[in-house]
Amino acid sequence: SGWHIPNFAEWFQDGNLKPWYEAQHPANDGMTGGAMKVPGTQDWIAPNSGATNELGWNGRPSGSRDLDGQFSPVGTIATYHINNTFGGGEAHHTVLSTGSTDLYRISPWRGDTPETWHMGTAIRCVKN
């Protein structure tokens, strides 16, 4: 009680990610994840590309489970479920990676296949 899984607006609009992203990358469709990741290699394995934690989001690797039941190597990836607000029951995920500065979005409206929606992901709850 008192916590919930954030929806897309809470992640990207209310969470200050959208204004920051639009100011930094007005012509790019991808979100930048380096500003969300904690720097260094205490949590992430090298290279932890572009990690600055500029947004104070403190992104740390949570891992993932792929469709074959295999888990990602420790310290390489962070995947988070986003509460669906678009109807149809499709899952939406965000992905941070040690080797990339992007924040990837996996969702049906970007053309990702239904199978990708069944990955094992972490959740990041926000207080009501």
R65, sole failed condition from (1) in contact with a Gly (Cβ under 8 Å, 6 or more places away or on another chain); (2) modelled with pLDDT under 90; (3) open to solvent by less than 80 Å² (accessible area, probe 1.4 Å); (4) not aromatic (F, W, Y): (3)
Residues of region 88-128 that turn out to be open to solvent by less than 40 Å² (accessible area, probe 1.4 Å), of a type in the set (S, T, N, Q) and modelled with pLDDT of 85 or more, as a count: 3
Pairs with Cβ under 7 Å, 6+ apart, first in region 57-69 and assigned to a loop (DSSP other than H, G, I, E, B), second among the small types (G, A, S): R60/A78; P61/G75; P61/A78; S62/A78; S62/A122; S64/S72; S64/G120
Filter result for the condition that a residue is assigned to a loop (DSSP other than H, G, I, E, B), at pLDDT 80 or above and either of a type in the set (V, I, T) or more than 14 Å from the chain's Cα centre (by Cα) (or both), over T85, T52: T52
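The values are calculated or read from the model by the stated rules, or taken from the named source; none is laboratory data. This is a predicted model, so every value here is computed, not measured. Here Cβ is always computed from backbone atoms with ideal geometry, including for glycine, and neighbour counts include all displayed protein chains. Calculation scope for accessible area: heavy atoms of the full protein, side chains included, ligands and nucleic acids excluded. Shrake-Rupley method; radii C 1.70, N 1.55, O 1.52, S 1.80 Å.
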